[in-house]
Amino acid sequence: MLVMTDETSPYSVRADLVAAHARAWDRLARPGTWLDGPTRIWVAAETRHAPGCALCMRRKAALSPYAMEARMTGAASCGTTGSR
């Protein structure tokens, strides 16, 4: 889980924003209607990673995106390997 503090941000962060951010992540980590807590956190991480994913960018530009033989690399997998 990403925790926003003055130590993790290059900018000064107000205490009320730090508290709101912590509450949001705590709520996200709880089980929801469709997914359990760890899966919800994984989905958030994948979503944050996707815009910078080289394979996702190549697939988006390809005529047949899923015809490409490739595997994800890095911390997040964007869900394309079918595993977490």
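Look at region 1-30: where a residue is more than 21 Å from residue 49 (Cβ to Cβ) and a partner is at pLDDT 90 or above, sitting 6+ places away or on another chain with Cβ atoms under 6 Å, you get 30/37. If you go through region 56-69 and keep only what is farther than 30 Å from residue 21 by Cα and surrounded by 10 or more Cβ atoms within 10 Å (Cβ to Cβ), you end up with 58, 59, 60, 62, 65, 68.
The values are calculated or read from the model by the stated rules, or taken from the named source; none is laboratory data. Just so we're clear, the structure is a prediction, and the values are computed from it rather than from any experiment. Backbone-built Cβ (ideal geometry, glycine too); neighbour counts: all protein chains shown.
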